[in-house]
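A quick write-up on the structure given underneath.
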Amino acid sequence: MGTVTLGVSIAVPEPYGSFLQKRREGFGDPHAHGIPTHVTLLPPTEVEASSLPVIEAYLAEVAAAGRPFPMRLSGTGTFRPLSPVVFVNVVEGSSACSWLQKRIRDAAGPLARELQFPYHPHVTVAHGISEEAMDRAYEELADYEAAWTIDGFALYEQGADGVWRLDREYPFGRPGPVPAALPRQTGASRPPAASR
């Protein structure tokens with residue numbers, strides 16, 4: 001069956017998600033069209049396709065133990081010079097995101113892995129573009145604010161075209177069978193769990 005590249009993330013809902021994605025495109029980020037706005041819980045991770053049922057069942061268990069929580073975005077930050085990224089800050093909800101990502105990457109689970117950088121929840125708005133464009137992103141979104149309630153997370157798969165597509169959604173606090181798979185999408189991109 002080969003391997004697939006998966007990620008887990010929290011989607012930034014409308015109208016915030018499309019607004020930030022359009023701004024990311026406007027700053028000249030060539031990957032923006034395939035990476036709708038999100039907060040990463042598991043960065044791109046290659047797994048055996050045959051392990052998907054186990055992974056899906058495990059994520060359903062993690063979600064069942066979760067509870068809705070508030071999230072608020074405010075202002076900008078950057079990982080430069082360590083990593084060429086400008087982001088919008090998660091100023092409320094970061095501890096819940098940290099708890100979730102630790103559970104998802106648990107050493108006893110099917111998605112155990114180390115991270116390249118310490119976990120820092122954020123919403124990327126520019127990655128790997130010119131310093132001038134990243135400076136512009138940092139400055140132009142410095143006053144950005146958004147808030148909503150998180151009620152679950154989702155599993156995404158990266159296609160051969162580099163676009164991330166929604167595979168399954170996992171609402172919090174609902175134990176039971178794994179949610180039904182969503183139809184495969186061929187053209188539309190959905191919020192992924194991309195790397196910084």
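Derivation of every value follows stated rules applied to the coordinates shown; laboratory data play no part. Source: prediction; values computed, not measured. Cβ placement follows ideal geometry from the backbone for every residue including glycine, while neighbour counts extend to all protein chains displayed.
Against the condition in a strand (DSSP E or B), farther than 22 Å from LEU111 by Cα and within 20 Å of the chain's Cα centre (by Cα), how does ALA146 come out, does it pass? Steps first, answer last, please.
Values: in a strand (DSSP E or B): yes; farther than 22 Å from LEU111 by Cα: yes; within 20 Å of the chain's Cα centre (by Cα): yes.
Yes; evaluated as a whole, the condition is true for this residue.
Of all residues being part of a strand (DSSP E or B) and aliphatic (A, V, I, L, M) in region 79-95, which is surrounded by the fewest Cβ atoms within 10 Å (Cβ to Cβ)? Just the residue, please. Give the steps one after another, and end with the answer.
Residues of region 79-95 part of a strand (DSSP E or B): 85-92.
Filter again for aliphatic (A, V, I, L, M), leaving 85-86, 88, 90-91.
Details: VAL85: 21, VAL86: 27, VAL88: 26, VAL90: 21, VAL91: 13.
Per the stated criteria, the residue is VAL91.
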Could you check region 54-105 and list, in sequence order, the residues that are charged (D, E, K, R) and under 17 Å from the mean Cα position of the chain (by Cα)?
GLU56, ARG72, GLU92, LYS102, ARG103, ARG105
Looking at region 26-44, is at least one residue in a helix (DSSP H, G or I) and either among the hydroxyl-bearing types (Ser, Thr, Tyr) or over 16 Å from TRP164 (Cα atoms) (or both)?
yes
Go through (1) over 23 Å from THR45 (Cα atoms); (2) outside any loop (DSSP other than H, G, I, E, B) one by one and return the number of the condition ILE129 breaks.
(2)
Confirm whether SER130 is in contact (Cβ under 8 Å) with a residue 24 or more places away in the chain, among the polar types (S, T, N, Q) and under 18 Å from LYS22 (Cα atoms).
yes
Scan (1) of a type in the set (S, T, N, Q); (2) surrounded by 16 or more Cβ atoms within 10 Å (Cβ to Cβ); (3) not in a helix (DSSP H, G or I) for the single condition SER51 breaks and write down its number.
(3)
The correct count of residues that are within 26 Å of ARG23 (Cβ to Cβ) and either of a type in the set (Lys, Arg) or surrounded by fewer than 14 Cβ atoms within 10 Å (Cβ to Cβ) (or both) in region 96-114 is 0
With the first residue restricted to region 35-63 and required to be under 24 Å from PHE117 (Cα atoms), and the second required to be assigned to a loop (DSSP other than H, G, I, E, B) and of a type in the set (D, E, K, R), Cβ contacts under 7 Å at 6 or more apart or on different chains are PRO36/ARG190; LEU42/ARG105; THR45/ARG113
Could you list all residues from region 1-25 that are within 16 Å of ILE129 (Cβ to Cβ) and either touching a strand residue (DSSP E or B) at 6+ places or on another chain (Cβ under 7 Å) or part of a loop (DSSP other than H, G, I, E, B) (or both)?
LEU20, ARG23, ARG24
Can ALA49 be described as within 18 Å of the chain's Cα centre (by Cα) and closer than 28 Å to VAL4 by Cα?
no
Scanning region 1-48 for residues that are surrounded by fewer than 17 Cβ atoms within 10 Å (Cβ to Cβ) and aromatic (Phe, Trp, Tyr) gives PHE19
